[in-house]
Amino acid sequence: MKRVLITTSGRPDEVTETRAFAAEQALGYARIPRNKRSVKNLMATNSSDLLVVGKERYELYRQTMSEPFFFHPDTAAFRLKRLLKGETDPLVEMCQLEPGNSFLDCTLGLATDCIVASFAVGATGIVKGIEVDPDVAFITATGLTQFQPKFQELKEAMRRISVVQDSASVFLKGQPDHSWDVVYLDPMFSQTISESISFAPLRHVGVHGSLTEEWVSEARRVARKRVVVKAHFNDPVFEQFGFTQIIRHNTKFHFGFIEK
């Protein structure tokens with residue numbers, strides 16, 4: 001099991017101290033003083049990963065990483081701007097999302113797709129994200145509630161999302177039949193997509209796993225309208241689990257769906 005320690009930025013203030021305490025309470029990790037030491041030095045000295053607490057964000061460093069993982073809306077901001085202009089979004093189209101729908105994201109990560117879904121289903125809808133990695137779940141959940149975006153629609157979409165730290169298959173087993181309109185699956189890509197720069201830190205910190213028969217079976221049981229998967233265009237999951245693959249030219253990931 002990975003070892004993670006908590007420290008603060010170089011010049012912690014009262015806000016930073018409060019955020020550090022919140023991380024300690026939520027994750028149960030020990031805290032070490034920064035004492036002007038570099039992140040690299042602290043990780044090497046303590047043989048551990050490091051959660052660095054700043055005034056505005058948490059940064060997670062794994063020993064294999066050169067850049068930290070931290071919350072940011074990623075592509076959700078410009079995707080929402082396109083929707084506000086009346087344009088379409090592939091996720092919204094594939095999931096057939098409408099105001100008032102419920103959307104369960106089984107692989108939350110940075111919550112980029114969850115944010116778009118939250119905007120699409122509106123204030124009367126329900127959006128929940130499941131994330132198995134406790135560090136990613138904590139950082140993303142905190143970011144969704146505390147990050148200050150540049151426009152109100154993005155802020156409202158972020159704030160409506162709830163986060164659960166759990167494995168997708170375990171969570172799904174506890175859900176009633178047909179209890180979510182859409183169940184969404186976006187496991188770690190089986191092949192690296194080089195242009196997804198913002199995805200690189202998540203690849204290092206996230207829990208890597210493939211879809212299983214049990215996982216897809218539970219998703220089908222729980223979904224009321226559709227189970228939707230996103231994967232590399234030549235990923236075997238489409239054929240393996242019976243998803244109808246939608247070809248998207250000039251993109252390296254495709255969506256697939258199982259209609260209920």
Query raised in the report: ³J(HN,Hα) across segment 107-114 via Karplus (A = 6.51, B = -1.76, C = 1.60, θ = phi - 60°), whole Hz, x for Gly/Pro?
Result: 9, 4, x, 7, 6, 4, 5, 4
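Report the full-extension gain for the segment ILE126 to GLN152: residue separation times 0.36 nm, less the Cα-Cα distance, to one decimal in nm. Show your work: numbers first, answer last.
Numbers: separation 26, 0.36 × 26 = 9.36 nm, distance 1.85 nm.
Fully extending the segment from ILE126 to GLN152 adds 7.5 nm.
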Report summary line: If TYR58, TYR29, TYR184 are placed from fewest to most neighbouring beta carbons inside 10 Å, the sequence is TYR29, TYR58, TYR184
Report task. Would you kindly state how much longer the chain becomes between LYS85 and SER167 on full extension, computed as 0.36 nm times their sequence separation minus their alpha carbon distance, in nm to one decimal? Result -> 25.9 nm
Report summary line: In degrees, nearest 10, the alpha-carbon axis of helix 213-222 is tilted away from the dominant principal axis of the alpha carbons of the chain by 70 degrees
Report summary line: Amide H proximity to SER102 below 5 Å, modelled H, separation 5+ or other chain, gives ILE126, ASP181, VAL182
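Between GLU239 and THR16, take the C-beta separation as r, use R0 = 41 Å, and let me know the FRET efficiency to the nearest 0.05. Show your work: numbers first, answer last.
Details: r = 50 Å, r/R0 = 1.21.
That pair, GLU239 with THR16, gives E of 0.25.
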Report summary line: For segment 161-177, in residue order, the Karplus 3J(HN,Hα) values (coefficients 6.51, -1.76, 1.60; θ = phi - 60°; whole Hz; Gly and Pro = x) are 7, 9, 10, 10, 8, 5, 7, 4, 5, 5, 4, 4, 4, x, 9, x, 4
**Report entry** Value of D in µm² per second that Stokes-Einstein yields for segment 4-61, Kirkwood Rh from Cα pairs, at 10 °C (1.306 mPa s)
**Finding:** 143 µm²/s
Query - Sequence-distant lysines (8 or more away, or on other chains) whose Cα lies within less than 22 Å of LYS2 - result: LYS40
Query raised in the report: Which residue, chosen from ALA76, GLN245, GLY122, occupies the Cα position most advanced towards the positive end of the dipole of the chain, where the dipole is computed from +1 (Lys, Arg) and -1 (Asp, Glu) charges on Cβ about the Cα centre?
Result: ALA76
Requested in this report: Would you mind checking which residues have amide H under 5 Å from ARG31's amide H? H placed 1.01 Å from N; only 5 or more apart, or other chain.
Outcome: ILE6
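Can you give the local net charge around GLU87? Use residues other than it whose beta-carbon is closer than 10 angstrom to its beta-carbon, Lys and Arg +1, Asp and Glu -1. Could the numbers behind the result be given before it?
On the way: positive: ARG79, LYS81, ARG82, LYS85; negative: ASP89.
So the surrounding residues net to +3.
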Report task. Using label points projected 7 Å from each Cα along Cα→Cβ, tell me how many nm separate THR75 and THR145, to one decimal. Result -> 2.9 nm
Report task. Please determine, in degrees from 0 to 90 and to the nearest 10, the orientation of helix 14-27 with respect to the longest principal axis defined by the Cα atoms of the chain, where the helix direction is its Cα long axis. Result -> 60 degrees
Query raised in the report: Within the chain, what percent of beta bridges assigned by DSSP are antiparallel, to the nearest 5?
Result: 40 percent
Report task. Would you mind listing how long the chain runs along its three principal axes, going by Cα atoms, in whole Å with the largest first? Result -> 56, 39, 38
Query raised in the report: Too long at a 29 Å Cα-Cα cut-off: which of LYS173/LYS252; LYS55/LYS173; LYS55/LYS150?
Result: LYS173/LYS252; LYS55/LYS173
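For segment 70-177, build the convex hull from the C-alpha positions and give me its volume per residue in Å³.
Numbers: hull volume 10.2 nm³, N = 108.
Spelled out: Cα convex hull of segment 70-177, divided by residues, is 95 Å³.
Quick note: the coordinates plus some simple rules give every number you see, no bench work behind them. Since we're looking at a predicted model, the values are computed, not measured. Heads up, the Cβs are rebuilt from the backbone with ideal geometry, glycines too, and the neighbour counts pull from every protein chain shown.
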